[in-house]
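> Quick one: this structure, given as C-alpha cells, is what I'll be asking you about.
The values are calculated or read from the model by the stated rules, or taken from the named source; none is laboratory data. In this text the structure is predicted, and so the values were computed from the model without any measurement. Backbone-built Cβ (ideal geometry, glycine too); neighbour counts: all protein chains shown.
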Amino acid sequence: MRPHRAMVMAAGLGTRMRPLTDDRPKALVEVGGRALLDWTLDALARGGVEEAVVNIHHFADRMRAHLENRQGAPLIHVSDETERLLETGGGLVKAAPLLGADPVFVANIDAFWIDEGGVELNRLAGGFDPEAMDFRLLLARKNNLLGLEGAGDFAFAEGGRLIRFKDAPAGAEPLFYAGVQVMHPRVLAGWPCEPFSTNRLWDVALKAGRVTGQVMDAFWMHVGDPQSRDAAENRLVSGA
C-alpha cells in the first residue's frame, strides 16, 4: 500500500541550530535557498504523497504563513502544538485523526538528500507489508552520511527485521535512522496525547519483530546544527 499521506515533524525548538533559529523555526532554516520544510515536502510529493500533516509550535505564526504561501503538492493540514510541545510520539497521537487509517510516511525536516526521482521513498514504501510490519525505516550507512556520529541506531537481524544496534551481535553492520519511515497508524491506538518519544512506539514493535528497514543508496545528510547546514550547502554547490 503506497502511502498518500505523510506526517512532517516540524514543531521542534531547534536549539542545536542556534543562532540560525533565533528568529525562525528550524523548519524554515534554508539550505541552498530553500527551507528545510520545503525540501521535505517536495521530496514527499515526488514520492506520491498527496496530503501532509505538519505539526507546528515554535514561531507558529511564521510557519502558518509559510505553509499558506506554498504552491503545489502536497495539500497541507496543520496539527497545532502551540500550547504544548508533544515531542515526536505525542505529536503523532495528536495528529492521528488527520492521518487516516492507512500507512503513512513520517518525516523529520532535518533529513536531507538529493533524490529528484523519488527513488528512495518509493523503495521504502514498496517494501512495506502492512500484514507483517508496523514500521519500515529509512536507514543510512556510516560511510554514506554527514552530520551524525555514534555507534549506530539499528542492525538487521534474521528475516530482515531490525533490532537496536546495542543488542546486535558482534560484527553487525551499524545503521543510522535517516529520518523517514513508513508507519501504520494503528500503532497509535491507546497512547496518550502527551509528550513522549517515538522510540517508545518503536520499542513495542521491535519486541514483536514488526520493524524492518531500507538502506538508502543516496548520500544522506542530517542537518541538525549550523555546521552540518553549511556542509550540506557546500555539497549542493559542489554537486557531489
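> Within 15 Å of Leu137 (Cα to Cα), in contact with a Phe, Trp or Tyr (Cβ under 9 Å, 6 or more places away or on another chain), in contact (Cβ under 8 Å) with a residue 60 or more places away in the chain and crowded, with 18+ Cβ neighbours inside 10 Å: is that true of Ala178 in this structure?
Numbers: within 15 Å of Leu137 (Cα to Cα): yes; in contact with a Phe, Trp or Tyr (Cβ under 9 Å, 6 or more places away or on another chain): yes; in contact (Cβ under 8 Å) with a residue 60 or more places away in the chain: yes; crowded, with 18+ Cβ neighbours inside 10 Å: yes.
The answer is yes for Ala178.
> Another question about this same structure. Any chance segment 93-110 includes a residue that's at pLDDT below 95 and touching a Gly at 6+ places or on another chain (Cβ under 6 Å)?
yes
> Are any residues in segment 1-46 more than 15 Å from Ala111 (Cα to Cα) and crowded, with 21+ Cβ neighbours inside 10 Å, and if so, which ones?
Once the filter is applied, which keeps residues that are more than 15 Å from Ala111 (Cα to Cα) and crowded, with 21+ Cβ neighbours inside 10 Å, segment 1-46 yields Pro3, Arg5, Pro25.
> Sticking with this one: So is Ile76 at pLDDT 95 or above and either of a type outside the set (Gly, Ala, Ser) or over 22 Å from Ala45 (Cβ atoms) (or both) or not?
On the way: at pLDDT 95 or above: yes; either of a type outside the set (Gly, Ala, Ser) or over 22 Å from Ala45 (Cβ atoms) (or both): yes.
Criteria met by Ile76.
> Working carefully through the options Ala10, Ala6, Ala52, Ala65, find the one that is modelled with pLDDT of 95 or more and either over 25 Å from Val182 (Cα atoms) or β-branched (Val, Ile, Thr) (or both). Break it down stepwise before answering.
Values: Ala10 fails: either over 25 Å from Val182 (Cα atoms) or β-branched (Val, Ile, Thr) (or both); Ala6 fails: either over 25 Å from Val182 (Cα atoms) or β-branched (Val, Ile, Thr) (or both); Ala52 fails: either over 25 Å from Val182 (Cα atoms) or β-branched (Val, Ile, Thr) (or both).
Exactly one of Ala10, Ala6, Ala52, Ala65 is modelled with pLDDT of 95 or more and either over 25 Å from Val182 (Cα atoms) or β-branched (Val, Ile, Thr) (or both), namely Ala65.
> Moving on. So, in segment 191-205, exactly how many residues are over 18 Å from the mean Cα position of the chain (by Cα) and surrounded by 16 or more Cβ atoms within 10 Å (Cβ to Cβ)? Don't jump to the end; show me each part of the working.
First, pick out the residues of segment 191-205 that are over 18 Å from the mean Cα position of the chain (by Cα): 191-194, 204.
Those still in the list that are surrounded by 16 or more Cβ atoms within 10 Å (Cβ to Cβ) too: 191, 193.
Looking only at that region, the number is 2.
> Answer yes if at least one residue in segment 134-151 is over 23 Å from Asp217 (Cβ atoms) and at pLDDT 90 or above, and no otherwise.
To start, the set of residues in segment 134-151 that are over 23 Å from Asp217 (Cβ atoms) comprises 134.
Next cut, at pLDDT 90 or above only: 134.
Yes; the residues of segment 134-151 include at least one that is over 23 Å from Asp217 (Cβ atoms) and at pLDDT 90 or above.
> Would you be able to tell me the number of residues in segment 177-233 that are on the phi > 0 side of the Ramachandran plot and outside any loop (DSSP other than H, G, I, E, B)? Let's see the steps before the verdict.
Going residue by residue through segment 177-233, those that are on the phi > 0 side of the Ramachandran plot are 179, 190, 209.
Narrowing the set further to residues that are outside any loop (DSSP other than H, G, I, E, B) leaves 179.
Residues that pass the stated criteria total 1.
> Now, a different point. Taking helices (runs of 4 or more DSSP H) that do not extend beyond segment 54-167, which have at least 3 residues that are within 16 Å of the chain's Cα centre (by Cα) and either of a type outside the set (Val, Ile, Thr) or crowded, with 17+ Cβ neighbours inside 10 Å (or both)?
87-99, 119-126
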